[in-house]
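Any read-out appearing in this document is the output of simple, stated calculations on the displayed coordinates, not a laboratory observation. Fair warning: this is a prediction, and the values are worked out from it, not measured in the lab. Methodologically, a virtual Cβ is constructed for each residue, glycine included, from the backbone with ideal geometry; neighbour enumeration extends over all protein chains shown.
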Amino acid sequence: MDLHGIREDYSKRELSEAECDASPIVQFEQWLNEAIQSQVNEPTAVNVAAVDAAGRPNSRVVLLKEVNPQGFVFFTNYHSRKGKSFDANPFAAMTFFWPELERQVRIEGRIEKLDAAASDEYFESRPYASRIGAWASAQSEVLSGKAALVAKAAAVGARHPLHVPRPPHWGGYIVIPDRVEFWQGRPSRLHDRIQYRLENGAWIKERLSP
Ligand SMILES: Cc1cc2nc3c(=O)[nH]c(=O)nc-3n(C[C@H](O)[C@H](O)[C@H](O)COP(=O)(O)O)c2cc1C
């Protein structure tokens, strides 16, 4: 496979320090809103990277479920590979890529579990089958085969025909950012990169070399 010739030139938009809000959260909300309005495919899909106890990085895509003044929220299984990595090393890096807008956002910071009440609230809003799945799937563990998963889901369904409580090992995480970067593709690889860095509790906004 020859991939050398595959390259895009980016020219759709520009990004200046002046137009970026003083808060990276507000700036992110603006960009996410534009991604949703532009009907980008899966605008809330975000790559989340963790570092395990041995110092080795691992990453996967999850869905952003909330952004609030404190940070960025997603939901998962706390016993999963990512969950174990966050137990060992409570920091995360997230990357959004919205190709239709030629935009990337990178977020880094501490990660914490959401409190139980907030996880309960979101869990209750999920469809019944997804709530069953949260109990049935020992996420990241090896399965003997698909039948074992289907049988477990059926058993959980029989146990909880109506109300499915939240499994204690399933819930939210919040990434509390100390660094956020907005990347806008530009012609000739002279891209716009505006980074926010938290210093003594205040956000510093600066332009990075592409
Ligand atoms: C578009 C997309 C959205 C996903 N959303 C989630 C999610 O919100 N939570 C989750 O636990 N896994 C989600 N997954 C699955 C994860 O990528 C991953 O397979 C799973 O969390 C197990 O990862 P781990 O073994 O590294 O812990 C999603 C995958 C894709 C492709």
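In the condition set (1) under 19 Å from the mean Cα position of the chain (by Cα); (2) more than 16 Å from the ligand (Cβ to nearest atom); (3) within 17 Å of Glu100 (Cβ to Cβ); (4) free of Cβ contacts under 8 Å to residues at least 40 places away in the same chain, Gln37 is compliant with all but (1). Regarding region 12-23, can at least one residue be identified that is in contact with a Pro (Cβ under 6 Å, 6 or more places away or on another chain) and either surrounded by 11 or more Cβ atoms within 10 Å (Cβ to Cβ) or hydroxyl-bearing (Ser, Thr, Tyr) (or both)? For region 12-23, residues in contact with a Pro (Cβ under 6 Å, 6 or more places away or on another chain) and either surrounded by 11 or more Cβ atoms within 10 Å (Cβ to Cβ) or hydroxyl-bearing (Ser, Thr, Tyr) (or both): absent. Taken over region 50-84, the residue count meeting the criterion of being among the hydrophobic types (A, V, I, L, M, F, W, C), farther than 20 Å from Pro167 by Cα, touching an Asp or Glu at 6+ places or on another chain (Cβ under 9 Å) and within 10 Å of the ligand (Cβ to nearest atom) is 1. The sole residue among Ala118, Ala129, Ala93, Ala147 that is under 30 Å from Gln30 (Cβ atoms), more than 13 Å from the ligand (Cβ to nearest atom), of a type in the set (A, V, I, L, M, F, W, C) and in a helix (DSSP H, G or I) is Ala118. Which one of these is part of a loop (DSSP other than H, G, I, E, B), closer than 23 Å to Gln30 by Cβ and away from the ligand (no atom under 16 Å from the Cβ): Pro161, Pro210, Pro165? When all the criteria are applied, what remains is Pro210.
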